[in-house]
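Inspection log for the structure reproduced underneath, given as structure tokens.
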Amino acid sequence: MAPAADREGYWGPTTSTLDWCEENYSVTWYIAEFWNTVSNLIMIIPPMFGAIQSVRDGLEKRYIASYLALTVVGMGSWCFHMTLKYEMQLLDELPMIYSCCIFVYCMFECFKIKNSVNYHLLFTLVLFSLIVTTVMYGMLVFTLVLRSIYIVTWVYPWLRGLGYTSLGIFLLGFFLWNIDNIFCDSLRDFRKKVPPIIGITTQFHAWWHILTGLGSYLHILFSLYTRTLYLRYRPKVKFLFGIWPVILFEPLRKH
């Protein structure tokens, strides 16, 4: 973690329980951790467009909620890393739990009739969210998501690539997150000796945001593709500008 000797900026003294490895206010006086902040754009902008497109396509509200939840996670993380305030830290951490519960609900409900509501699962996930909010959070959510991916890929084995690609990207981000934590002092010393453009590439917590944001987005696409396929739509994965994946589909024509 970052040492207490970091400079002070616009938002005043750090009150969060975590202060990451990026040097505070090194890029601008207005943002505590610049790269850890702007890297959250991947969790804000694409999901917002995904939610808008879901509304236009008349998709089930659960998928609109998934996109919006990921956007809220990105916004919370943005506020946390920009200010390093404790209240913003909670805005960063708690939405992660709630969004994962929405993802799990979507995955478990992939093979149900359209617009169905599983009140028992909803109650369980809400209860879990409340418990985690007051006690602890972490690997249990990850386990639930992993199990839901397994259930879907057991039914549609050829979707395994998309499901585990999202999981693999997430795990790579988690690995870099740990590198950033464990070798923080060495990384800071390295950044002082190399040109800034090279030092930026070692902001591994920012990479954590990018990779987990991408992994979460792909997970939503994976769930949405599975669901629309089950509902006898024709989902197709397209790449905007040849880079960014989106799902387009059309209802199956009635004869």
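The table that follows gives values for the structure above.
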read-out	value
Close pairs from the range 188-204: first assigned to a helix (DSSP H, G or I), partner of a type in the set (Val, Ile, Thr) and open to solvent by less than 90 Å² (accessible area, probe 1.4 Å), Cβ under 9 Å, at least 6 apart	Phe190/Ile198; Phe190/Thr202; Arg191/Ile198; Arg191/Ile200; Arg191/Thr202; Phe204/Ile179
Pairs, first closer than 16 Å to Phe222 by Cβ and open to solvent by 100 Å² or more (accessible area, probe 1.4 Å) in the range 234-251, second assigned to a loop (DSSP other than H, G, I, E, B) and at pLDDT below 85, C-beta under 7 Å, six or more apart	Lys236/Phe249
Filtered residue count, the range 77-101, keeping only those that are at pLDDT 90 or above, under 16 Å from the mean Cα position of the chain (by Cα) and crowded, with 22+ Cβ neighbours inside 10 Å	4
Residue list for the range 102-122, filter: of a type in the set (Ser, Thr, Tyr) and either surrounded by 14 or more Cβ atoms within 10 Å (Cβ to Cβ) or at positive phi (or both)	Tyr105
Any hit, the range 55-68, residues being in contact with a Leu (Cβ under 9 Å, 6 or more places away or on another chain), part of a helix (DSSP H, G or I), over 27 Å from Phe183 (Cα atoms) and open to solvent by less than 10 Å² (accessible area, probe 1.4 Å)	yes
Which listed residue, of Leu221, Leu167, Leu214, is under 21 Å from Val73 (Cα atoms), in contact with a strand residue (DSSP E or B) (Cβ under 6 Å, 6 or more places away or on another chain), open to solvent by less than 80 Å² (accessible area, probe 1.4 Å) and in a helix (DSSP H, G or I)	Leu221
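The values are calculated or read from the model by the stated rules, or taken from the named source; none is laboratory data. Keep in mind that what you see is a predicted model, and the values were worked out from it rather than measured. For neighbour counting, all protein chains shown are included, and Cβ atoms are generated from backbone atoms with ideal geometry for every residue, glycine included. Note: areas computed on protein heavy atoms with side chains; ligands, DNA, RNA excluded. Shrake-Rupley method; radii C 1.70, N 1.55, O 1.52, S 1.80 Å.
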